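Would you mind keeping the following structure in view while I ask a few things?
What follows is calculated from the coordinates using simple rules that are stated; it is not laboratory data. Predicted model only: the values in this text are computed from it and were never measured. Here the Cβ is made from the backbone with ideal geometry for all residues, glycine too, and neighbour counts use every protein chain on show.
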Amino acid sequence: MIRKPVPVPLREGGEVEIDVRDVTIAFERDGGELVPAVDRVSFQVRRGEFICLLGPSGCGKSTLLNAVAGFETPYEGEVVVGTKVVTGPGPDRGVVFQQPRLFPWKSVRANVAHGPRMAGKSRADAGAIADELIEMVGLSRSAKALPHTLSGGMQQRVAIARALANRPNILLMDEPFGALDAQTRTVMQEGLLRLWAQLDTTILFVTHDIDEAVLLADRVLVMSAGPGRIVRDLAVDLPRPRTIETTLGARFQALRRECLDLIRQQSQKAFEGTHDA
Amino acid sequence: MIRKPVPVPLREGGEVEIDVRDVTIAFERDGGELVPAVDRVSFQVRRGEFICLLGPSGCGKSTLLNAVAGFETPYEGEVVVGTKVVTGPGPDRGVVFQQPRLFPWKSVRANVAHGPRMAGKSRADAGAIADELIEMVGLSRSAKALPHTLSGGMQQRVAIARALANRPNILLMDEPFGALDAQTRTVMQEGLLRLWAQLDTTILFVTHDIDEAVLLADRVLVMSAGPGRIVRDLAVDLPRPRTIETTLGARFQALRRECLDLIRQQSQKAFEGTHDA
Amino acid sequence: MADISTPAALSPRGAGALPAVGAKRRRSARLSQRINMAVGLVSIPLFLMVWQLIAQARIVNPILFPAPTEVARAAMEWVTSGLFVEDAVASLKRVATGYFVGSVVGVGCGLLTGRSAFFSGLLGPLFQVLRPIPPIAFVSIVILWFGLSEGGKVFLIVWGVFFTVWLSTHLGVQKVDQGLVRAAQMLGTPRRRLVGEVVLLSALPFIVVGLRTAVGISFYTLVAAELAGAFAGIFYRIQLAQQNMQTGLVFAGLAALGLISFIADRCFAMMAQRLVWWR
Amino acid sequence: MADISTPAALSPRGAGALPAVGAKRRRSARLSQRINMAVGLVSIPLFLMVWQLIAQARIVNPILFPAPTEVARAAMEWVTSGLFVEDAVASLKRVATGYFVGSVVGVGCGLLTGRSAFFSGLLGPLFQVLRPIPPIAFVSIVILWFGLSEGGKVFLIVWGVFFTVWLSTHLGVQKVDQGLVRAAQMLGTPRRRLVGEVVLLSALPFIVVGLRTAVGISFYTLVAAELAGAFAGIFYRIQLAQQNMQTGLVFAGLAALGLISFIADRCFAMMAQRLVWWR
Amino acid sequence: AELLKARLAQNLAPISALTIVAKAQGLFEKEGLDISVSNFTSGKQALDTVIGGGADIATTAEAPVTAAAMAGQPIAFVAGMEYSDIKTLTAKKAAIKSFADLKGKKIAYTAGTGSEVYTTELLKKAGLTSKDVTLVNLKPQEMLPALAAGSIDAYDTWEPHIANGRKALGDDVALLDTKGVYSETFNIVVMQDYLKANPQIVSKFLAALIAAEAWVKAHPEEAIEVVSKAVGMKPEDLKPIWSDYVYQVGIGAKQIDALKAHAQWRLDTKNHPPGVTGVPDFAVVLFPEPLRALDAARITYKLN
Ligand SMILES: Nc1ncnc2c1ncn2[C@@H]1O[C@H](COP(=O)(O)OP(=O)(O)OP(=O)(O)O)[C@@H](O)[C@H]1O
Ligand SMILES: Nc1ncnc2c1ncn2[C@@H]1O[C@H](COP(=O)(O)OP(=O)(O)OP(=O)(O)O)[C@@H](O)[C@H]1O
Ligand SMILES: [Mg+2]
Ligand SMILES: [Mg+2]
């Protein structure tokens, strides 16, 4: 059960912004038995890096993200952001959750404007920021609507806009584009990459779409099934800016193939794992 | 606003199982203004057909599915299933919702066994059906867990198993594999196709993944943005059984390309639409 | 109070050229809606009729159980004597003040104990012990502390309202959607604003239950309040009428109470619907 | 009654070889948890101390406002005379029966009116009108209908409990998660089983609020019940003591009430936690 | 022989001493009765219970009797069993030495009861009207705290609340001498139908009360023990006021005066059931025959 974490190669330049040190997170099962969801995971993210977390369903991606966000306290190990150990959530780390989690009593505009308002911005300034982001996610027409009147994909787009509104140093995104159609997704991906290039944001991005991971990331961290561990830290050496055309190149396809194989192995394990239960 | 629906080519053989006749569904906006989400949509699905609905985010796919499921009463038009006008939900139409919507107070096993239990099966029989399906979706290890302890993807897999447990004549699936990683997804797709071949199930399947649509469907219905209309009824003339290898063929790529172009047009409209609001 | 299976999508307004089947279904839905509304209107008259029949059958002593007609007569007399307005105003003032103070303090304490384990530990047991003590049992003590002022009477009402609202707020706060709290936290909502931005709104459905229950409770405690040296008030009048065997007036008093609370509750329900606008 | 921001993930049990920082944080969390528990234990003693100080300062007449020590003395006397057990048993029987009947009927009616617009229209207005009428105001009528049987006393308690539980169930049913109802419907859950399978469980948090509020209310109405021809009971004893100006015993009675209800509520909270096991 | 069953609705207080003693000393059984007792905190509720059929025999003061009589209820007043003066306790601070000092003071009374009639009579004697004072309606047990809190200057009520007040507030209060202003009576009332159907029960019941009266006179110490135990008082609290209660089974001037005065007050103040125009003919509700058959000397009243 206890294995040494795979050594993480540090790339040149930039300070370490997120340092996940030997983190184990466990949950209690019915019987009181402690089952680890994330097992001794260590990795580092440098300032301005774009990291994708890839792994089979239920491997602990969301749990790990929650630990960085400050919502779960590691059972063992610790997460250091900048120079401080994470003890709770903060506006320096914007989060797009796997569920939209919009405030049901606020309009789309008010949801997006919430962060800037809390940061002390005036109603007008916060509104302007919100409008800009809402336009970016293509929902200007629904700015005044309440969340429950939106479709699943629209809600998720609002959640993305909301997380961006604070211009956080770090963006933690949990399958943000999972509910979007191919084209909307491409638009959103390009929008995110533009924003990331403009601002000096560090991004930790959970996805189950291999193309997306390879297209967006500087490094793809592939997680194993069962108690999640990082089995591979794959540097994506494709030149930027990348566009949808990038996906046609041979290097892209090679990287994609590599990820796919890794994932397939892990998923296979996950499925086989169910039979010895 | 009012356009003739695109004529739907009826394919030979099989009776009409689902007949969507000129359906319009509208929602009230704040101001009391009625905004159509689905606009005069007509199509027919024959017994045993596998239909995919493809369309940009917010175009009305879920709403249309809800109308067939019997949760929304059309503002105009009607949905006929078999020989009866749909007036409400029923166990002949299994639904996988966009959100998992599991019963939070029931274990995974009890969630899946709910349908058979309601159909009058004994506890043991229902349990056996549940166990089989849970194994199919790879969650045997979590059979006793409560839904809130599962990851997003695991919850969605339970929802799929639950909808299948009743062996419904018709399966309505709203982005069922949206939260799954590539490999788990492939496993699930293959499982679904196997089931569909075994049983004589008619499937209406919402997805935003073009590859998935082309891989699975007999026909792909492409919807337009704004108030949803069907702009294209694309027959997928790939031979069955199809596997992941099918995606490599030239015909597949051509169909994929066609869908992508259609979607791109529609999404573009959807985004541009936001600017004149 | 609508049937929960009503779909969110709308029926059409105005008569367009609708396909036959849909229109028929919609017509029948509208019809059943009308029936339900009509039922709501006849509910109380029906009850009065049954009452009248029982009273007229004279199974029970009519002096102890008067017919609605007799009650109406007594009520008319009460109103025309001018005493009704006086009594109603006196009672309403007490109830309104007590209710307002009790619910504001109750929501406040509920937020405090619901959010903080420290305050929950400190105040929870105390509140739980004091909660069941009926105001009527300590009227003497209230008189001792407050004298015969209106303050004492209002305190008795505050007592009943406070514990009811506190409990439901406390429980509501503990059921707050943690997902929304997390979303607010990551957006940098400071701890002290979390309450106003998320907790309060998220617990609102529970608080509304407490507030509406407390409307009834406030009248329960009004009895105790008006036992304590009142000069006017609906219960004061009921009590006198009881002593004088004016049962018609007793029932008229109870009916007045029911009516006032009914109106209060209607207003409340309407307000609650606006308050919890997001469903 | 835990602080809502407690994370779901667990702190370790047993002492493994833990990294320093995590361990320190967990230690401090455990410490604050202990402090909160300790606060819970001193809460009531602290209250008694303040009371004793006020009483000993003799700001108010000690006969009218006895010190806790005096109350304890009276309570001891009550217990040793054997009357306490008799009174407590009599009251508990009434409250338990009334509470049980009232809550079962209340939940039943709440499900009915919450689910059906017809019954909501028929019964809603009636219940709203009757709800605020305090049992104490119609003790005479109850005696008239029920005689001096225990049935009448229980009815008075049922009255208070019923309306409280009904209202919260009714409101809870209207807040039922429609998504889950739809899921159950498409799985072929027949309409009559929908209630047991989804609606009841989904409304449970609200019903629990009503049930816990009703614990307090049942004691409110116990007063009225024991005004009418009782032979034993805590309020019966309190009333006698009040007439005889035995304030020590009055307070002892109120304390007994608080204690009983506190225990009931603790049991209830524990049960509720099991009942709402899924969070 | 088989005991005859009857249900007594009793106000549990020293004013019910005779029924309490009769029950405790087995005097009912001696007369061949099996009496089951229900306790109330007011005679009004006891009478209502009898009118509603929940009990057969009520102990009650005159106020509920006049209300029921004026409401035309077929009640039968078969005997008085006790009377006692209503008294006024004043705060020393208020310096109320004579009736005239009551002017401008805040006085507590209990609306609708003998205490209110007493207060009216008291003011009449003092040459005052209700406008010269502030009247406050309170239950007897709440008068003491109100006096202690300084909200009132005096209160008019019956024992044991006067004694309680003197005990609690000691030198801060003084008793105003109002002997003879108004006596509260405590009586035995049944329904006329019941009397007609069960004359022997009523007769035996009254006989038991007469026996109790004799026993109380003969054993005052034990009577105090028995009564204080039944009502939950301490014997030493009951002893000083014991002589205030006059236990006498009979119908005499005290009862008739109280009934008339109370009925007149109801008329004057409109505190009467609907549809009443004059003092009722008490001959209709007075049923002295059972008692007269036992001991004619105990019936001493004359109507008009
Ligand atoms: N509150 C909880 N209690 C118990 N177990 C939990 C809890 N939350 C998560 N788990 C378990 O932890 C494991 C990892 O869950 P997590 O949500 O991190 O997966 P994930 O990688 O995000 O999966 P997906 O891609 O499906 O969202 C799962 O096996 C899940 O059952
Ligand atoms: N209850 C409602 N009230 C008002 N408008 C609604 C409601 N439900 C849906 N809509 C609107 O109807 C339109 C279609 O929504 P629907 O959920 O069907 O989209 P969708 O095609 O499923 O999108 P997605 O792929 O993002 O899930 C959207 O514009 C949405 O805003
Ligand atoms: Mg996840
Ligand atoms: Mg959808």
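Relative to the longest principal Cα axis of chain A, at what angle does helix A:108-118 sit, 0 to 90 degrees, rounded to 10?
80 degrees
Starting from the Kirkwood Rh over alpha-carbon pairs, what translational D in µm² s⁻¹ does the range E:186-285 have by Stokes-Einstein at 4 °C and 1.567 mPa s?
Numbers: Rh = 16.6 Å.
Diffusion coefficient, whole number: 78 µm²/s.
Got a sec? How would C:I35, D:I44, A:I134 order by Cβ neighbour count within 10 Å, fewest to most? Kindly include the intermediate steps, with their values, before the conclusion.
On the way: C:I35 13, D:I44 16, A:I134 25.
Least to most surrounded, the residues fall as C:I35, D:I44, A:I134.
Follow-up question, since we're still on this one. When a/c is below 1.5 the answer is rounded, else prolate if a/b is larger than b/c, else oblate, so apply that to chain E with a ≥ b ≥ c taken from the square roots of the Cα gyration tensor eigenvalues. Let's see the in-between values first.
Values: a/c = 2.13, a/b = 1.41, b/c = 1.51.
Taking the square roots of the gyration eigenvalues as a ≥ b ≥ c, chain E is oblate.
With +1 on each Lys and Arg Cβ and -1 on each Asp and Glu Cβ, and nothing else charged, work out how big the dipole of chain A is about its Cα centre, in Debye to the nearest 20.
Working: 34 positive and 34 negative charges, 134 e Å.
The dipole magnitude comes to about 640 debye.
At q = 0.14, 0.17, 0.20 Å⁻¹, what is the log10 ratio I(q)/I(0) for the range A:81-165, with the Debye formula run over Cα points and no solvent?
So the normalised log intensities are -0.46, -0.65, -0.85.
Can I ask one more? Suppose we take every Cα in chain A and form the convex hull; what volume per residue is that in Å³? Don't jump to the answer; show the numbers that get you there.
Values: hull volume 40.1 nm³, N = 277.
So the per-residue Cα hull volume is 145 Å³.
Give me the net charge for the shell around E:H219: Cβ to Cβ below 15 angstrom, other residues only, Lys and Arg +1, Asp and Glu -1. Each step should come with its number before you reach the end.
Numbers: positive: E:K217, E:K229, E:K239; negative: E:E213, E:E221, E:E222, E:E225.
Neighbourhood net charge equals -1.
Using θ = phi - 60° and the Karplus form 6.51 cos²θ - 1.76 cosθ + 1.60, what ³J(HN,Hα) does each residue of the range A:92-100 get, whole Hz, x for Gly and Pro?
Each residue of the range A:92-100 in turn: 6, 10, x, 10, 9, 6, 5, 9, x Hz.
Oh, and also: Tell me, what ³J(HN,Hα) does each residue in the range A:214-228 have, in order and in whole Hz, if you take phi through Karplus 6.51 cos²θ - 1.76 cosθ + 1.60 with θ = phi - 60° and put x for Gly and Pro?
Running phi through 6.51 cos²θ - 1.76 cosθ + 1.60 with θ = phi - 60° gives 5, 5, 8, 7, 7, 9, 10, 9, 9, 9, 8, 7, x, x, x Hz.
Helix B:182-198 versus the longest principal axis of chain B: what angle, 0 to 90°, nearest 10, using Cα atoms?
Helix B:182-198 and the main axis of chain B meet at about 90 degrees.
Angle check, please: helix A:250-273 long axis (alpha carbons) against the longest principal axis of chain A (alpha carbons), in degrees 0 to 90, nearest 10.
That works out to roughly 70 degrees.
Taking the Cα centre of the protein assembly as shown as origin and charging only Cβ (+1 Lys, Arg; -1 Asp, Glu), how large is the dipole, in debye to the nearest 20? Walk me through the intermediate numbers first.
Details: 148 positive and 122 negative charges, 343 e Å.
Roughly 1640 debye, rounded to the nearest 20.
Using the 7 Å Cα-to-Cβ label point, sort the distances from D:A72 to its equivalents in the other copies shortest first and give them in nm to one decimal.
6.2
Right, next: Can you list the residues, at least 5 places off or on another chain, whose amide H is less than 5 Å from the amide H of B:V231, using H built in the peptide plane?
Close amide H contacts, sequence-distant or interchain: B:V222, B:M223, B:S224.
Here's something else I'd like to know. Around E:V136, which amide H atoms from residues at least 5 apart in sequence, or from another chain, sit under 5 Å from its own amide H, with H modelled in the peptide plane?
E:I107, E:A108, E:Y109
Also: Classify chain C: rounded, prolate or oblate, from the alpha-carbon gyration tensor (a ≥ b ≥ c, eigenvalue square roots; a/c under 1.5 rounded; otherwise prolate if a/b is larger than b/c)?
Numbers: a/c = 2.76, a/b = 1.09, b/c = 2.53.
The shape class here is oblate.
Rounded to the nearest 20 Debye, what is the dipole magnitude of the range B:37-178 about its Cα centre when Lys and Arg each give +1 and Asp and Glu each give -1 at the C-beta? Don't skip to the answer; put the middle values down first.
Working: 17 positive and 12 negative charges, 105 e Å.
Dipole about the Cα centre, nearest 20: 500 debye.
Hey, another quick one. For A:V95, which sequence-distant residues (separation of 5 or more, or a different chain) have an amide H within less than 5 Å of its own amide H, given hydrogens modelled in the peptide plane?
Here the answer is A:L172, since their amide H atoms fall under 5 Å of that of A:V95.
Here is a further query. Average partner chain C-beta neighbours within 10 Å, per residue of D:56-66?
Mean partner-chain Cβ count within 10 Å for D:56-66: 4.
In units of 2.2 N^0.38 Å, what is the alpha-carbon radius of gyration of the range D:37-84?
Numbers: Rg = 13.2 Å, N = 48, 2.2 N^0.38 = 9.6 Å.
Against the empirical 2.2 N^0.38 Å value, I get 1.38 for the range D:37-84.
Then there is this: With each run of n ≥ 4 DSSP H residues scored as -39500 (n - 2.57), what mean residue ellipticity at 222 nm is computed for chain B after dividing by its residue count and rounding to the nearest 500 deg cm²/dmol? The partial results should precede the final answer.
Details: 7 runs with 95 residues, N = 277.
Rounded to the nearest 500, it is -11000 deg cm²/dmol.
Using the number of other C-beta atoms within 10 angstrom as an exposure proxy, rank C:S116, E:S36, D:S120 with the fewest first. Kindly include the intermediate steps, with their values, before the conclusion.
Details: C:S116 17, E:S36 13, D:S120 24.
The order, fewest Cβ neighbours first, is E:S36, C:S116, D:S120.
Filter the DSSP H helices in chain D by two things, a Kyte-Doolittle mean of at least 0.0 and an axial alpha-carbon span of 30 angstrom or more, and list the hits by number. Mind showing how you got there, number by number?
On the way: long enough: D:20-56 (52 Å, 0.51); D:83-115 (47 Å, 0.95); D:150-174 (35 Å, 1.02); D:200-227 (39 Å, 1.67); D:247-275 (41 Å, 1.34).
Membrane-span-like by this criterion, though nothing is claimed about a membrane: D:20-56, D:83-115, D:150-174, D:200-227, D:247-275.
Take every Cα pair under 8 Å in the range C:186-277 that's 6+ residues apart, average their separations, divide by the length, and report that relative contact order as a whole percent. Before the final figure, lay out the partial values.
Details: 35 pairs, mean separation 24.3, N = 92.
Rounded, it is 26 percent for the range C:186-277.
From the residues A:Y75, A:T246, A:L102, which one has its Cα farthest along the dipole of chain A in the positive direction, the dipole being from +1 and -1 charges on Cβ of Lys/Arg and Asp/Glu about the Cα centre?
Checking the options against the dipole of chain A, the answer is A:L102.
Remind me, relative contact order of the range A:103-167 in percent, using alpha carbon pairs under 8 angstrom and six or more residues apart? The partial results should precede the final answer.
Numbers: 78 pairs, mean separation 31.5, N = 65.
Relative contact order for the range A:103-167 comes out at 48 percent.
Here's something else I'd like to know. Whose Cβ in chain A comes nearest the axis that rotates A onto B, and by how many Å?
A:G178, 3
Any idea what the relative contact order of chain B is, in percent, if you count C-alpha pairs under 8 Å spaced at least 6 apart? Kindly include the intermediate steps, with their values, before the conclusion.
Working: 517 pairs, mean separation 65.2, N = 277.
Reported as a whole number, the value is 24 percent.
Another question, then. Per residue of chain E, what 222 nm ellipticity follows from adding -39500 (n - 2.57) for every DSSP H run with n ≥ 4, rounded to the nearest 500?
Helix-only estimate at 222 nm: -12000 deg cm²/dmol.
How big, in percent, is the set of alpha carbon pairs in the range D:136-279 lying more than 27 Å apart?
Working: 4159 of 10296 pairs.
Summing the P(r) of the range D:136-279 above 27 Å gives 40 percent of all pairs.
Rounded, prolate or oblate: which fits the range A:7-124 when a ≥ b ≥ c are the square roots of the eigenvalues of the alpha-carbon gyration tensor, with rounded for a/c under 1.5 and prolate only if a/b beats b/c?
On the way: a/c = 2.14, a/b = 1.31, b/c = 1.63.
Oblate is the answer for the range A:7-124, as a/c is 1.5 or above yet b/c matches or exceeds a/b.
How crowded by other chains is A:115-128, given as the mean number of beta carbons from other chains within 10 Å of each beta carbon? Don't skip to the end; give the middle numbers.
Details: counts 6, 2, 5, 8, 3, 1, 0, 0, 0, 0, 0, 0, 0, 0.
Counting Cβ atoms of other protein chains within 10 Å of each residue's Cβ and averaging gives 2.
Would you kindly compute the Cα radius of gyration of the protein assembly as shown and its largest Cα-Cα separation (Dmax), both in Å?
Rg then Dmax for the protein assembly as shown, in Å: 39.2, 129.
Would you work out which of D:L111, B:Q189, A:C259 lies farthest towards the positive end of the dipole of the protein assembly as shown, given +1 charges on the beta-carbon of Lys and Arg and -1 on that of Asp and Glu, about the Cα centre?
Positive-end residue among those listed: A:C259.
Continuing with the same structure: Shielding by partners for B:146-157, please: the mean number of other protein chain Cβ atoms within 10 Å of each residue's Cβ. Spell out each step's value before the answer.
On the way: counts 4, 1, 3, 8, 2, 10, 11, 10, 2, 3, 1, 2.
Mean partner-chain Cβ count within 10 Å for B:146-157: 5.
Can you sort D:W78, E:W158, A:W196 by how many other beta carbons sit within 10 Å, fewest first? Could the numbers behind the result be given before it?
Values: D:W78 23, E:W158 26, A:W196 19.
Taking fewest neighbouring Cβ atoms as first place, the list is A:W196, D:W78, E:W158.
Next up: Work from the charge dipole of chain C (Cβ charges, +1 for Lys and Arg, -1 for Asp and Glu, about the Cα centre) and give the residue of C:V250, C:V89, C:F162 farthest towards its positive end.
Looking along the dipole axis, the top candidate is C:F162.
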